[in-house]
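Input: a single structure, listed below in structure tokens.
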Amino acid sequence: MSVIRLSETIDSNAASLVRDADVLVIGGGPAGAWAACSAAAAGAQVALVDKGCCGTSGATASAGTGVWYVPPDASKRLAAMESREKLGGYLQDRAWMGRVLDRTYESVNLLAEWGYPFPHDDNGQPHRTNLRGPDYMRLMRRRVLRSGVFILDHSPALELLTDEAGAVAGARGVRRQVGDTWLVRAKSVVLASGGCAFLSGGLGCNVLTGDGYLMAAELGAEFSGMEFSNAYAISPAFASVTKTLFYNWATFTYEDGTPIPGAASHGGRSVIARTLLTQPVYCRIDKADERTQALMRASQPNFFVPLDRAGVDPFRQRFPVTLRLEGTVRGTGGLRLVDETCATTVPGLYAAGDAATRELVCGGFTGGGSHNAAWAMSSGFWAGAGAADYARQGVAASIDRRLRSARGIALRANGAAEFDPGALVRAVQAEVFPYQINYFRTADGLSAALDRLDRLWTGVRVAGQSSADRVVKAREAAAMLATSRFMYRSALARPESRGMHKREDHPRLDDAQRHHLVSSGLDEITISRRPAAERAPQEMAA
Amino acid sequence: MIELVSETRCISCNKCVQVCPMNVFSAVKNAPPVIARKDDCQTCYMCELYCPVDALFVAPDAARSVPVSETAVEASGLLGSYRGVGWAATQANTDHPVDQSFRLTAH
């Protein structure tokens with residue numbers, strides 16, 4: 001395997017800041033924060049690194065989210081699971097859905113205990129199905145700190161390190177505000193680095209460039225469901241706010257004000273995409289009465305901020321909208337998990353949140369944050385506990401292992417010239433943004449794009465080490481490229497339409513393809529199939 | 001995109017330098033921080049939210065820079081207007097509306 005061949009031993013003091021930990025968590029969004037708290041509660045010494053800032057980084061902190069919070073009532077739980085199975089293309093796993101519902105209920109109730117101000121209705125009943133991002137994540141940062149976790153903000157991880165047996169043994173990166181490097185030696189690592197939204201400008205999503213996918217892929221990790229990676233969110237054309245709930249009260253029109261037949265946020269988003277191929281699309285939130293309008297402002301005030309600042313009254317004036325690619329952030333593909341501790345296929349490496357596949361609870365579709373939020377807090381909790389448990393076991397008990405670097409893209413001192421990260425980002429975006437390639441998928445369109453992406457990979461894999469001031473952006477660009485190739489290779493291997501993956505040339509769901517697509521490899525991507533969980537009897541009858 | 005660090009309001013606490021997920025600001029000794037990497041701004045408004053003295057202004061355009069005048073923004077009353085989006089957790093006063101999401105029925 002090329003990973004092994006390229007490996008070289010590195011000096012464990014080869015960084016400005018060197019730290020030992022039982023568990024290293026990479027990423028400080030909700031999944032990483034829950035993982036850090038859970039690992040610490042299990043007795044582990046924990047370090048958490050965030051590319052930006054734990055508490056403000058990621059999609060949740062700035063956008064806020066619903067939560068799949070369902071009381072432990074058998075019929076309500078069953079209805080909650082059944083309601084999503086068709087949308088997700090019957091790829092969910094009832095056992096995992098049940099576990100996530102249980103865990104989410106516990107975790108959200110903990111948030112209330114910790115002081116999160118859930119609202120009460122007029123009868124004094126609490127409502128716990130929505131979380132305001134800034135409040136939620138500021139509270140989580142405090143919990144992480146109170147757990148004794150060592151946090152490094154503004155410290156992007158560049159690569160995972162392994163021991164001689166190939167088990168994960170830490171990571172290293174840079175402290176971009178200090179201008180030096182860090183290295184954490186750890187007995188296990190939780191990747192909670194988020195998904196990949198390809199720098200499309202969605203709210204809080206530009207930190208999510210698939211960095212963890214690249215680092216894990218360099219160690220040979222397997223992914224699952226990467227074809228479910230083409231979620232597009234509606235936003236005002238000029239703005240970043242990709243909050244889509246209120247478009248359920250909208251009318252979408254052509255430039256002349258005529259309604260676009262069939263265009264809708266739910267069940268008509270493809271009509272919006274198709275129209276945007278040739279002309280601008282406008283929208284007015286005209287179906288909300290005055291009471292609803294007031295509730296909207298009190299529910300998601302951030303939806304209105306760019307509109308207010310641009311002088312647009314969205315209830316009375318129309319404004320141009322666009323669709324922004326959210327990739328695997330609102331998609332469901334990610335690292336394949338091998339057991340209930342959220343272990344990946346690489347020893348010592350755990351994955352949580354959008355870094356991991358969410359097919360287990362969502363199948364091939366998520367309609368929004370709700371299920372992803374439940375998954376983040378649940379998988380984070382389990383991955384942290386699992387990583388702490390692994391750290392206690394004999395195999396990893398010695399922190400003093402010889403560390404190896406995979407010397408991936410942009411990290412190889414081979415004498416060759418470095419590549420231009422900005423140019424690579426634009427080249428990848430040109431293949432993944434266009435609706436005609438990624439929304440309306442065909443074998444021809446995907447193959448042609450994949451050929452171009454493969455050529456880009458061939459070009460950068462021989463490039464030299466990036467300079468210190470560009471290495472973070474170079475790794476981000478390479479991660480986007482790696483993600484795009486997993487996406488399209490998987491999309492080609494599913495000649496049917498299921499979940500969010502819609503093939504124009506295979507518009508129907510094919511019962512013979514109710515399986516998971518597993519992808520791995522970087523120079524050569526291989527695809528294999530894994531059976532989906534048995535369908536529940538109720539589903540079969542439906 | 002971030003367009004304004006008000007020198008008259010800024011107290012140089014550098015909170016924005018810490019909380020910006022995209023590392024857009026740079027701290028300056030004995031002076032307000034500067035917008036050092038505006039192209040990286042993702043228009044997430046977190047800096048405005050955390051600024052204790054409402055010295056920052058993020059313009060609504062995400063893809064291009066549209067400079068603003070401090071006088072005009074000050075007059076518009078928009079400085080600090082992102083604060084209502086968060087901080088229900090610690091605000092004893094009622095300037096910050098309680099989350100009403102649960103009352104919004106599906107449409």
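The values are calculated or read from the model by the stated rules, or taken from the named source; none is laboratory data. Being a predicted model, the structure only gives us computed values, none of them experimental. Glycine gets a Cβ as well: all are built from the backbone with ideal geometry, and neighbour counts include every protein chain shown.
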Worksheet, complete the sentence: Being within 20 Å of A:Ser62 (Cβ to Cβ), within 14 Å of another protein chain (Cβ to nearest Cβ), of a type in the set (S, T, N, Q) and in a loop (DSSP other than H, G, I, E, B) narrows A:Ser240, A:Ser235 down to just A:Ser240
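State whether one or more residues within the range A:64-79 are under 14 Å from A:Ala376 (Cβ atoms), out of contact with any strand residue (DSSP E or B) (no Cβ under 7 Å at 6 or more places or on another chain) and assigned by TED's automatic domain parsing to the domain that holds A:Glu159. First the steps, then the outcome.
Of all residues in the range A:64-79, those under 14 Å from A:Ala376 (Cβ atoms) come to A:64-69.
Add one more test, that the residue is out of contact with any strand residue (DSSP E or B) (no Cβ under 7 Å at 6 or more places or on another chain), and what stays is A:68-69.
Remaining after also requiring assigned by TED's automatic domain parsing to the domain that holds A:Glu159: A:68-69.
Among the residues of the range A:64-79, at least one is under 14 Å from A:Ala376 (Cβ atoms), out of contact with any strand residue (DSSP E or B) (no Cβ under 7 Å at 6 or more places or on another chain) and assigned by TED's automatic domain parsing to the domain that holds A:Glu159, which makes the answer yes.
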Fill in: Selection from the range A:499-538 of residues that are more than 26 Å from A:Gln436 (Cα to Cα) and hydrophobic (A, V, I, L, M, F, W, C)
A:Ala512, A:Ala532, A:Ala533, A:Ala536
Worksheet entry | Members of the range A:230-252 that are under 14 Å from the mean Cα position of the chain (by Cα) and either surrounded by fewer than 24 Cβ atoms within 10 Å (Cβ to Cβ) or not small (Gly, Ala, Ser) (or both) | A:Asn230, A:Tyr232
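Name every residue in the range A:114-129 that is without any contact (Cβ under 8 Å) to a residue 24 or more places away in the chain and within 9 Å of chain B (Cβ to nearest Cβ), in order of residue number.
From the range A:114-129, those without any contact (Cβ under 8 Å) to a residue 24 or more places away in the chain are A:116-127; that's our starting set.
Once the filter is applied, which keeps residues that are without any contact (Cβ under 8 Å) to a residue 24 or more places away in the chain and within 9 Å of chain B (Cβ to nearest Cβ), the range A:114-129 yields A:Tyr116, A:Pro117, A:Phe118, A:Pro119, A:His120, A:Asp121, A:His127.
What residue, of A:Ser484, A:Ser466, is of a type in the set (S, T, N, Q) and closer than 21 Å to A:Gly194 by Cα?
Values: A:Ser466 fails: closer than 21 Å to A:Gly194 by Cα.
When all the criteria are applied, what remains is A:Ser484.
Which one of A:Gly212, A:Gly170, A:Gly148, A:Gly202 is small (Gly, Ala, Ser), within 17 Å of A:Thr345 (Cα to Cα) and not in a helix (DSSP H, G or I)? If you could, list the steps in order and put the result at the bottom.
Numbers: A:Gly212 fails: not in a helix (DSSP H, G or I); A:Gly148 fails: within 17 Å of A:Thr345 (Cα to Cα); A:Gly202 fails: within 17 Å of A:Thr345 (Cα to Cα).
After ruling out the rest, the residue left standing is A:Gly170.
Would you mind listing the helices (runs of 4 or more DSSP H) fully within the range A:11-108 where at least 2 residues are away from every other protein chain (no Cβ under 14 Å)? Steps first, please.
Values: elements: A:30-41, A:58-63, A:74-85.
Once the helices (runs of 4 or more DSSP H) in the range A:11-108 are filtered for at least 2 residues that are away from every other protein chain (no Cβ under 14 Å), what remains is A:30-41, A:74-85.
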Practice prompt. Name the residue, out of A:Met97, A:Met81, that is within 19 Å of the chain's Cα centre (by Cα) and either surrounded by fewer than 17 Cβ atoms within 10 Å (Cβ to Cβ) or among the aliphatic types (A, V, I, L, M) (or both).
Written response: A:Met97
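What are the residues in the range A:318-343 that are within 14 Å of chain B (Cβ to nearest Cβ) and surrounded by fewer than 18 Cβ atoms within 10 Å (Cβ to Cβ), if any?
Residues of the range A:318-343 that are within 14 Å of chain B (Cβ to nearest Cβ), as a first pass: A:319-322, A:324, A:326, A:329.
Answer for the range A:318-343, where residues must be within 14 Å of chain B (Cβ to nearest Cβ) and surrounded by fewer than 18 Cβ atoms within 10 Å (Cβ to Cβ): just A:Pro320.
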Worksheet item: For the range B:1-25, what are the residues that are part of a loop (DSSP other than H, G, I, E, B), touching a residue at least 60 places away in the same chain (Cβ under 8 Å) and buried (at least 19 other Cβ atoms within 10 Å of the Cβ)?
Response: B:Met1
Item to complete: Mind counting the residues in the range A:136-168 that are buried (at least 21 other Cβ atoms within 10 Å of the Cβ), away from chain B (no Cβ under 14 Å) and in contact with a Gly (Cβ under 7 Å, 6 or more places away or on another chain)?
Response: 5
Discussion item. What's the total number of residues in the range A:352-395 that are part of a loop (DSSP other than H, G, I, E, B) and either of a type in the set (Gly, Ala, Ser) or touching a residue at least 24 places away in the same chain (Cβ under 8 Å) (or both)?
Written reply: 9
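Pick from the range A:276-298 the residues that are assigned to a helix (DSSP H, G or I) and under 28 Å from the mean Cα position of the chain (by Cα): which of them is nearest to B:Gln100 (Cα to Cα)?
Applying the first criterion (assigned to a helix (DSSP H, G or I)) to the range A:276-298 yields A:276, A:290-298.
If we keep only those that are under 28 Å from the mean Cα position of the chain (by Cα) as well, we get A:276, A:296-298.
Details: A:Leu276: 33, A:Met296: 8, A:Arg297: 9, A:Ala298: 6 Å.
So the residue we want is A:Ala298.
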Discussion item. Show the residue pairs meeting these rules: Cβ distance below 7 Å; 6+ apart or different chains; first residue within the range B:26-50 and more than 10 Å from chain A (Cβ to nearest Cβ); second residue aliphatic (A, V, I, L, M) and assigned to a helix (DSSP H, G or I).
Written reply: B:Pro33/B:Val17
Item to complete: Select from the range A:197-229 the residues that are over 18 Å from A:Ser370 (Cα atoms), under 12 Å from the mean Cα position of the chain (by Cα) and more than 14 Å from chain B (Cβ to nearest Cβ) and list them in ascending order.
Response: A:Gly210, A:Gly212, A:Tyr213, A:Met226
Worksheet entry | Matching residues in the range B:51-72 - criterion: being crowded, with 24+ Cβ neighbours inside 10 Å and in contact (Cβ under 8 Å) with a residue 40 or more places away in the chain | B:Ala55, B:Leu56, B:Phe57, B:Val58, B:Ala62
Worksheet, complete the sentence: Flagged in the range A:272-310 as more than 9 Å from every other protein chain (Cβ to nearest Cβ) and closer than 21 Å to B:Met1 by Cβ, in numbering order, are A:Phe303, A:Phe304
Discussion item. Quick test of your reading of the structure: B:Met22 fulfils all but one of (1) touching a Cys at 6+ places or on another chain (Cβ under 8 Å); (2) more than 10 Å from chain A (Cβ to nearest Cβ). Name the failing condition by number.
Written reply: (2)
Discussion item. Being at pLDDT below 95, of a type in the set (A, V, I, L, M) and within 21 Å of A:Asp389 (Cβ to Cβ) is true for just one of A:Ala171, A:Ala165, A:Ala221. Which residue is that?
Written reply: A:Ala165
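Of B:Ala92, B:Ala75, which residue is assigned to a helix (DSSP H, G or I), surrounded by fewer than 17 Cβ atoms within 10 Å (Cβ to Cβ) and at pLDDT below 95? Spell out the reasoning first.
Details: B:Ala92 fails: assigned to a helix (DSSP H, G or I).
Exactly one residue qualifies, and that residue is B:Ala75.
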